[in-house]
1. By average Cβ neighbour count within 10 Å, what is the ranking of 88-95, 192-199 from highest down?
2. How much length is gained if the chain between ILE243 and GLU167 is pulled fully straight, taking 0.36 nm per residue apart and subtracting their Cα-Cα distance, in nm to one decimal?
3. Please work out how much length the chain gains when fully extended from ASN407 to HIS370, using 0.36 nm per residue of separation minus the C-alpha to C-alpha distance, in nm with one decimal.
4. Please state, as a whole number in µm²/s, the translational diffusion coefficient that the Stokes-Einstein equation yields for the range 362-409 at 10 °C and 1.306 mPa s, with Rh defined as the Kirkwood radius across alpha carbon pairs.
5. Applying a 10 Å radius around every beta-carbon, put 333-340, 233-240, 201-208, 271-278 in order of their mean neighbour count, most first.
6. Give me the log10 of I(q) over I(0) for the range 326-373 at q = 0.25, 0.27, 0.32 Å⁻¹, as the Debye formula computes it from C-alpha points; what are the numbers?
7. Per residue, what accessible area does the range 106-147 have, given a 1.4 Å probe and all protein chains present, in Å²?
8. When ranked by the protection proxy of mean other Cβ atoms within 10 Å per residue, highest first, what sequence do the peptides 361-369, 46-54 form?
Amino acid sequence: MSAIVEACDLGRRYRHGIAQSGPRTWRTLLSNRRPGRGLRPVWAIRHVSFSLDQGCSLGLVGPNGAGKSTLLRLLGGIGLPDEGQLHVDGRVAGMFELGQDFHPDLTGRDNIRTAGLVAGFSRREIQGMTPSIVQFADLGRFIDSPVRVYSSGMKARLAFAVAIHVEPEILLIDEVLAVGDVGFQRRCYDRLRDLRTAGVTIVLASHSVDEVRELCDEVIWLRGGRLIASGPPGLVLERYAEITAQETRLVTPSLEAAPRTSSDRLSLNDNRFGTLEATIDEVRIQNSSGHECGSIPSGAFLRLAVNTSIPDHVGPVTLSVKLVRHRDGLVCLDTSTRSSTSGFVTFTAEFERLDLASGDYAFDVGLFSHDWDRTFDLHQGAYELRVTSSWSSDAVVLPPIGWTVTNVSSGAPGGDSVADSLVASPGVAED
């Protein structure tokens, strides 16, 4: 199979520095000196080579400034490389800053038509795909309202719906999958899987390791514009996580310089890491009565309250919560939320049912920059939880199950049938 994307020794540079200051005159404008002549060149990416077959998906990982967005834009035809060669064969759809190209005075439906025309579709083709786009975006009556009244999330939903319906052969995604509510995000992931099955080539830049692992066949790790590693997700992401963890340990302050904590569960560079510019001050596990607890029955309500201190200069943050099973390190729950609030901030997560098999678990609670690029305070396995149940199981989840056993007699046609409806405990059937 021939490659649909080929990059050979690719490089792209920009000029960086302080431009000439002072008043601009006709003499300076007409002179041979260009305003940016004194700026030094900075390579956003350099010596990057890879190839991608049709139907494959490629993940781009790395810290801010690694060159992920620059590479995506070159693939999308936004700018030309300054060195090397790039070959892209197919219709390209890009999802960069979702909704930025919409006209604010046009309705959502009108913007769909405009986007379709720009993508090269006829009016008849646009008319045929519009109902599907409207249904996927799920904006209700707002689809016929001017886009200027949309929230940023609503614009992102509409833009995502448009991008995945223009029948791309190559789809470029730059940090835009966390749009809308959980249900909409799930539809986005399902749609991307359908596109992969249909032979669409996907290139995804993301800070989320789990997102890349779930959606991508190959991974490229960029740093400072250079290609550090490439290959299968398991190998590259494991190494990426190791290096990131080592760097986090390096910026973790010494025990003497760290802020005091009243918890004896935490030990710096043992189960607590981060710059501590913003901190997790207290984590409380509570039952349905609001009492702190270390054990709950399977299927019970659980509340996790996290008190934090976030200085103004830190900016938006992401709070992450993982629940890990002790015996094998399996991640059973992984959720996060973002906030732009500073000061003493409490994050509260409520789980209506925690249908886990009996066993010992522990929460990882972490406070990160909004783009996951900087670890402020990470508590690993510091908050233990025991789940109890009268049923033993090797499974991860233990939901209530209703069984129906039907006995159809083997006699003459039309013979009687007997059905027994049983409400059994999780994973168990009764005769």
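The values are calculated or read from the model by the stated rules, or taken from the named source; none is laboratory data. Being a predicted model, the structure only gives us computed values, none of them experimental. Using ideal geometry, Cβ is built from the backbone for each residue, glycine included, and neighbour counts are taken over all protein chains shown. These accessible areas exclude ligands, DNA and RNA; they are computed on the full protein's heavy atoms, side chains included. Shrake-Rupley method; radii C 1.70, N 1.55, O 1.52, S 1.80 Å.
1. Details: 88-95: 17.9, 192-199: 13.9.
Per-residue Cβ counts within 10 Å, averaged per peptide and sorted highest first, yield 88-95, 192-199.
2. Numbers: separation 76, 0.36 × 76 = 27.36 nm, distance 3.81 nm.
Working it through step by step, the gained length comes to 23.5 nm.
3. Working: separation 37, 0.36 × 37 = 13.32 nm, distance 5.69 nm.
Here the segment from ASN407 to HIS370 would lengthen by 7.6 nm.
4. 103 µm²/s
5. Numbers: 333-340: 13.2, 233-240: 16.6, 201-208: 22.8, 271-278: 19.9.
My ranking of the peptides, most packed first, is 201-208, 271-278, 233-240, 333-340.
6. -1.15, -1.25, -1.49
7. Numbers: 2430 Å² over 42 residues.
Value for the range 106-147: 58 Å² per residue.
8. Numbers: 361-369: 21.1, 46-54: 17.0.
In decreasing order of mean packing, 361-369, 46-54 become 361-369, 46-54.
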